[in-house]
Amino acid sequence: MIQLTLKLSLIAFLATLTISCGDSSNKQPNNHSSVFYGSWSNGLTTLNIDTSQIAIQYHGQCIYYYPAKFIDSVSVELIWSEEMDCKFDTKIDQDFGLSHSPEIGQPFAKYLLSDSKISAVYYYPKWIEKYSKEVIDGIYTDEYYRSVN
């Protein structure tokens, strides 16, 4: 009887452990997200995507690092940050007089993979428009293609 009770307790413990460890709803899906990994370009800038971040390379002397949040196997969000290694002022910290501008720690864009390209959905379209007019056009575009190095 004691042996049966111990076996049942062990089974209950293992079931609890499996349920608590097996819930991956808040984890990055690593099984399919690897299709995003690598370099994607719009002709002016390059997105370098890996398991935890998206690095936007403006050119050889300017790169910004953003946390990546993989939503599913075909979409990833860029979380706004100002972590960078850059030799010039890119003015990405400017709000351009807008009330709705990028905030550190908040989603900035979603990248969707389809047909061997990445399509961008920006959460701050007015900011993108102002940045493109006042700083440099072509940094934030609607599509990126796999870079061939």
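The values are calculated or read from the model by the stated rules, or taken from the named source; none is laboratory data. Treat the numbers as computed from the prediction; the structure is a model and nothing was measured. Positions of Cβ are backbone-derived with ideal geometry, glycine not excepted, and every protein chain shown enters the neighbour counts.
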Search result, residues across the stretch 33-59 that are part of a strand (DSSP E or B) and of a type outside the set (Val, Ile, Thr)
38, 39, 40, 41, 47, 48, 53, 55, 57, 58, 59
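Yes/no matrix, rows are residues, columns are (1) without any contact (Cβ under 8 Å) to a residue 60 or more places away in the chain; (2) crowded, with 18+ Cβ neighbours inside 10 Å:
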| position | (1), (2) |
| --- | --- |
| 45 | no, yes |
| 63 | yes, no |
| 75 | yes, yes |
| 86 | yes, no |
| 91 | yes, no |
| 129 | yes, no |
When the stretch 93-117 is checked residue by residue, the ones that are hydrophobic (A, V, I, L, M, F, W, C) and either exposed (fewer than 15 other Cβ atoms within 10 Å of the Cβ) or more than 17 Å from residue 64 (Cβ to Cβ) (or both) are 96, 98, 104, 112, 113
For the list (1) of a type in the set (Asp, Glu); (2) farther than 21 Å from residue 129 by Cα; (3) under 11 Å from the mean Cα position of the chain (by Cα), I need the number of the one condition that residue 85 fails.
(3)
Residues of the stretch 110-149 satisfying the condition of being part of a strand (DSSP E or B), over 13 Å from residue 41 (Cα atoms) and more than 14 Å from the chain's Cα centre (by Cα):
114
Looking only at the stretch 99-109, decide whether some residue is in a loop (DSSP other than H, G, I, E, B), over 16 Å from the mean Cα position of the chain (by Cα), on the phi < 0 side of the Ramachandran plot and in contact (Cβ under 8 Å) with a residue 12 or more places away in the chain.
yes
Could you identify the single residue in 64, 123, 58 that is touching an Asp or Glu at 6+ places or on another chain (Cβ under 8 Å) and hydroxyl-bearing (Ser, Thr, Tyr)?
64
So which residues in the stretch 72-86 are more than 17 Å from residue 144 (Cα to Cα) and in contact with a strand residue (DSSP E or B) (Cβ under 6 Å, 6 or more places away or on another chain), if there are any at all?
79, 80, 81, 83, 84, 85, 86
Checking residue 52 against (1) modelled with pLDDT of 85 or more; (2) polar (S, T, N, Q); (3) under 18 Å from residue 119 (Cα atoms), which test does it fail?
(3)
Let me confirm something: among 55, 68, which residue is closer than 21 Å to residue 35 by Cβ, in contact with a Leu (Cβ under 8 Å, 6 or more places away or on another chain), touching a residue at least 12 places away in the same chain (Cβ under 8 Å) and not aromatic (Phe, Trp, Tyr)?
68
